[in-house]
1. Based on the alpha-carbon gyration tensor of region 82-192 and its eigenvalue square roots a ≥ b ≥ c, which shape applies: rounded if a/c is under 1.5, prolate if not and a/b is larger than b/c, or oblate?
2. Testing the spin-label approximation: label points 7 Å from Cα along Cα→Cβ at His88 and Arg131. State their distance in nm.
3. Among Asn169, Val139, Val196, pick out the residue whose Cα is farthest towards the positive end of the charge dipole of region 80-203, where Lys and Arg carry +1 and Asp and Glu carry -1 on C-beta, about the Cα centre.
4. Compute the separation of the alpha-carbon centres of region 165-179 and region 78-127 and state it in Å as a whole number.
5. Using only the Cα atoms of region 92-138, build the gyration tensor, take square roots of its eigenvalues as a ≥ b ≥ c, and label the shape rounded, prolate or oblate: rounded if a/c is under 1.5, else prolate if a/b is larger than b/c, else oblate.
6. Between Leu154 and Ala17, what FRET efficiency follows from the Cβ-Cβ distance if R0 is 30 Å, with the result rounded to 0.05?
Amino acid sequence: MTDPTAVRDAVRARYAAAARHAATGDHDQARKLEAAGCGGAPATTTGARAGAGFGAELYDSTANDGAVESALAASLGCGVPTAVADLHPGEVVLDLGSGAGADVLIAARRVGPSGRVIGLDMTPEMLHLARAHVAEAGVDNAEFLQGYLEDIPLPDASVNVVLSNCVLNLAADKHLVLGEAARVLRPGGRFTVSDVLADHEMDDAVRADLAQWTGCIAGPDQPAVHPSPDQGRPGRRRDPRDPPCA
């Protein structure tokens, strides 16, 4: 099994580099770092979202309300979890691996002044970028915490909704992450995920390759829905905009 600490360090280094590129406006290079593990090119979708794979192109005008253009341009997600999260005014939302903050800003607009959105990320460079985007947007009901998905720095039953946009595949211990998400959710809470899945034919050598893991090849699980994080609470809800990993 790949060492979880090594996975975490490799992921953090890769996304720190992506954040540095995004901060200077070099979004193409940031996206290349994200897509490098997917066969050297971004994943693609078909139908209404044809051509969209990762990042800003996934957000149409009906999905990006509240996010400033700079945050959307810096997005490295593979879906739009806020599109299916059914957010309501007054709710508390946690975004796991919040990156540059686009989903946090969209959620903040939807939950309104009486609600609150918390972005969690382990990469200081991403947190700095996200806080700059929140300041640019003039949003005062969003905040960011530095921490790990496997050890969420929030009390039990403290949020109504957990969002995740293409970060579960980067975690070495996904069951631990799901358990933490269940712990912080209030009874009746919702967990909305956009992510990628692995090919059935992936071998152990690929899974052990950290360069592959920090892209989208080695980290994802195979096509199977995880059991519910906790009895009586919802498990994985797939975003219909999720692209396959090409």
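No value in this document is a laboratory result; all are computed from the given coordinates. Owing to the predicted nature of the structure, the values given are computational and were not obtained by experimental measurement. A quick note on method: Cβ atoms are made from the backbone with ideal geometry, for glycine too, and the neighbour counts reach across all protein chains shown.
1. Details: a/c = 1.76, a/b = 1.14, b/c = 1.55.
Oblate shape, in that a/c is at least 1.5 and b/c is the bigger or equal ratio.
2. The answer from the label model is 3.3 nm.
3. Selected residue: Val139.
4. So the separation of the two Cα centres works out to 17 Å.
5. On the way: a/c = 2.54, a/b = 1.45, b/c = 1.75.
In terms of gyration-tensor shape, oblate.
6. Numbers: r = 28 Å, r/R0 = 0.93.
Using R0 = 30 Å, I get an efficiency of 0.60.
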